[in-house]
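Scroll down for the structure; my scribbles are underneath it.
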């Protein structure tokens, strides 16, 4: 990467309020909602250099930079987004948005339902990836963006990028689908359900209406996150990092933290349960499970992609077993059959599913080269 | 991207019909596909094992799919390409016969090129007691990726065995076409084949 790369610096979140009702796949109509978002870089005069970053399960709109007075508030994809970085903010106008149902400022289960004056909680509707994409499209309208130079996402974010290219073919020039899948496997849904059961069975969940009780289903969220975290790492990666290391160097013959991996997972679980909403976690995992763009097209992914006008970059990581390279290949195969241009990289990495957030050099080179062509195309 | 093509790729490019749907196996840095896209309006895909080459292809605007040809062409459906190209790679493959059949499963026609082991300079080096090393075979015996050597007749026999028709054959020695005694005087063989 270039030596001049740096941070986008201090950023501020913005909010867009929408009063046009949004009809959701589940049948519920959201009468009004807000989306929290951030932007980096400048939209050019032709408005051709806009890039949308879609977030994954636990992500949000704060993609890059940090907030004033808080140096530790670095965005979740700061290593990929910034001046001189692969998603180069000197060339692109980058938009990050917190999805509907999220817990970082956009309307979600913890928001107050104007009809009742109380948090939505258990009554907040379930979301699907196409719902999110339609909400994001309204934000694009608001920002004056007719067509994205690229829609980019990893994991659940990649699903949104893919959905964008299918639902709004004329509005997406490039879709970058990273460590993702055209639909979840049974095993993947199974992991999601164990995570959900951890939350649903926490006595402090109160059927989703824990806000009124002044409690948080911390134990459930913590377990869900611990389980998730295991599946985001690879066996090798975990072995390299933690092995069988003991905190105190010897067995204690008890159930407190002994192995470093236990300590790490508990820490991750605790950190997550302090800041993440349980209902959001539930609905995000359901959105993952429901995602299947082939389904409305007679279970034919090629037919679904037939509408797309986008070009694609698909990338997977060898040690990712939660969204394995096989799932990405499935998508690539369908894209080729649908006659869509696609580049596919299968990156050797020990980082497991988390690799899409890391900087394995071939991955960075692939992103850099692809996006620099995109930038040339839109004369950014 | 340069518009100049290596001699051997130029010859292959001459066999490609404008607007064809082309699959280039072992597409390297994408030079051939990039040229074909620009000059013959082909819709092309490449398959490439090396991620650095995939990155180069991306830079050249070529649709490169990272993958291993030895595992077959299961990413591609039957008859989905007008032409499948395998350029100077077949001699380095374990599953030689399988890739040939796979090429003609996914493509209507195939172009296969390979260094001719029967080239007189190779024979001469063998006669002098050493394995051949030359411009078209630039490896020592102990580090060569080339494991399945053949001469013109061998390749043609393999095609015959599988009912594959020879549609066109050109044999080159450097940049010169060889008509006389091709199996002796040609260093590179080019075949266009079909079922």
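All of the numbers you see were taken from the coordinates with simple rules; none came from a lab. Quick caveat: nothing in here was measured; it's all calculated off a predicted structure. Counting neighbours? That spans all protein chains shown, and the Cβs are built from the backbone with ideal geometry, glycine included.
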Among beta bridges that DSSP assigns inside the protein assembly as shown, antiparallel share in %, nearest 5: 40
Most mobile of A:20, A:231, A:116 in a GNM of chain A (Cα contacts under 10 Å): A:116
To the nearest 10 degrees, the tilt of helix B:96-106 (Cα long axis) against the first principal axis of the alpha carbons of chain B is 30
If packing is taken as the mean number of other Cβ atoms within 10 Å per residue, what is the order of A:6-19, A:199-212, highest first? A:199-212, A:6-19
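Shielding by partners for A:323-333, please: the mean number of other protein chain Cβ atoms within 10 Å of each residue's Cβ.
Details: counts 0, 0, 2, 0, 0, 0, 5, 1, 0, 6, 5.
Counting other chains' Cβ atoms within 10 Å and averaging over A:323-333 gives 2.
Classify region A:287-346: rounded, prolate or oblate, from the alpha-carbon gyration tensor (a ≥ b ≥ c, eigenvalue square roots; a/c under 1.5 rounded; otherwise prolate if a/b is larger than b/c)?
Since a/c reaches 1.5 but b/c is at least a/b, the shape of region A:287-346 is classed as oblate.
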Report, in degrees rounded to the nearest 10, the 0 to 90 angle that the Cα long axis of helix B:31-40 makes with the longest principal axis of chain B. 60
Compute the Cα gyration tensor for chain A, then decide on rounded, prolate or oblate, letting a ≥ b ≥ c be the square roots of its eigenvalues: rounded whenever a/c is under 1.5, prolate when a/b is larger than b/c in the other cases, and oblate in all that remain. rounded
Global geometry of region A:164-241, whether rounded, prolate or oblate, following the gyration tensor of its Cα atoms and the 1.5 cut on a/c: oblate
For B:63-71, mean number of other protein chain Cβ atoms within 10 Å: 5
On average, how much area does the Cα convex hull of region B:1-152 cover when viewed from any direction, in nm²? 9.1
Please rank A:250, A:346, B:70, fewest neighbouring Cβ atoms within 10 Å first, as an exposure proxy. A:250, B:70, A:346
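Relative contact order of region A:178-248, please, whole-number percent, based on alpha carbon pairs below 8 angstrom and at least 6 residues apart.
28
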Relative contact order of chain B: what whole-number percent is it, with Cα pairs under 8 angstrom and at least 6 residues apart? 18
Connecting every pair of Cα atoms under 10 Å apart in chain B and solving the GNM, the largest mean-square fluctuation among B:47, B:22, B:133 falls on B:133
Restricting to chain B, compute how many DSSP beta bridges are antiparallel as a %, nearest 5. 45
When chain B is treated as a Gaussian network with springs between alpha carbons less than 10 Å apart, the largest mean-square fluctuation among B:96, B:77, B:113 is found at B:77
With just the Cα atoms defining each centre, how far is region B:65-133 from region A:117-184? Give it in Å. 43
Final fewest-first order of A:159, A:284 on the 10 Å Cβ neighbour count is A:284, A:159
Distance between Cα centroids, region A:296-313 to region A:58-107: provide it in whole Å. 29
Which of A:281, A:255, A:33 has the fewest Cβ neighbours within 10 Å, and the rest in rising order: A:255, A:33, A:281
Against the longest principal axis of chain B, how steep is helix B:152-161, in degrees 0 to 90 to the nearest 10, with axes from Cα atoms? 60
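I'd like the Kirkwood hydrodynamic radius of region A:81-228, using the inverse of the mean 1/r over distinct C-alpha pairs, in Å.
About 17.5 Å for region A:81-228.
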Chain A, relative contact order [Cα under 8 Å, separation at least 6], %: 18
